[in-house]
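The next block holds one structure in the form of C-alpha cells; read it before the comments.
The values are calculated or read from the model by the stated rules, or taken from the named source; none is laboratory data. If you're wondering where the values come from, they're calculated on a predicted model, not measured in any experiment. Positions of Cβ are backbone-derived with ideal geometry, glycine not excepted, and every protein chain shown enters the neighbour counts. The accessibility values were calculated without ligands, DNA or RNA, using every heavy atom of the protein model including side chains. Shrake-Rupley method; radii C 1.70, N 1.55, O 1.52, S 1.80 Å.
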Amino acid sequence: MVRASGLDFIPLFEERFDLVLAETALADPLVVRLLDSIASAPVRNRIASLAGYRTTETGNQIHIV
C-alpha cells in the first residue's frame, strides 16, 4: 500500500507508457532536449519520489527499423 496526500492507494496493476516518435523527429533539437531530460537522474529521481511510480525503464530508447 502507498500513502499519498493522506490517502491510501492500493495499486491493482502496473501499466507501461511509451513515447513513440518518427526517426526524423530525433533530429529536432527540442526532441533531443526532451529525451535527454527524461533520461536525466534529477527527472528520474523526481518521478521515483512520487508514490506508485517506478523509473527502471524511464529514458531507455529502443530503435525499431
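For the reader, a short list of remarks on this structure follows.
This table checks each residue for (1) in contact with a Lys or Arg (Cβ under 8 Å, 6 or more places away or on another chain); (2) of a type in the set (Ser, Thr, Tyr).
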| position | (1), (2) |
| --- | --- |
| Ser5 | no, yes |
| Arg16 | no, no |
| Ala25 | no, no |
| Pro42 | no, no |
| Ala51 | yes, no |
| Arg54 | no, no |
| Glu57 | yes, no |
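- Test: residue in region 44-54 that is in contact with a strand residue (DSSP E or B) (Cβ under 6 Å, 6 or more places away or on another chain), in a loop (DSSP other than H, G, I, E, B) and open to solvent by less than 100 Å² (accessible area, probe 1.4 Å): yes
- Out of Asp36, Asp8, Asp18, sole residue that is of a type in the set (Asp, Glu), at pLDDT 90 or above and either surrounded by 11 or more Cβ atoms within 10 Å (Cβ to Cβ) or not in a loop (DSSP other than H, G, I, E, B) (or both): Asp36
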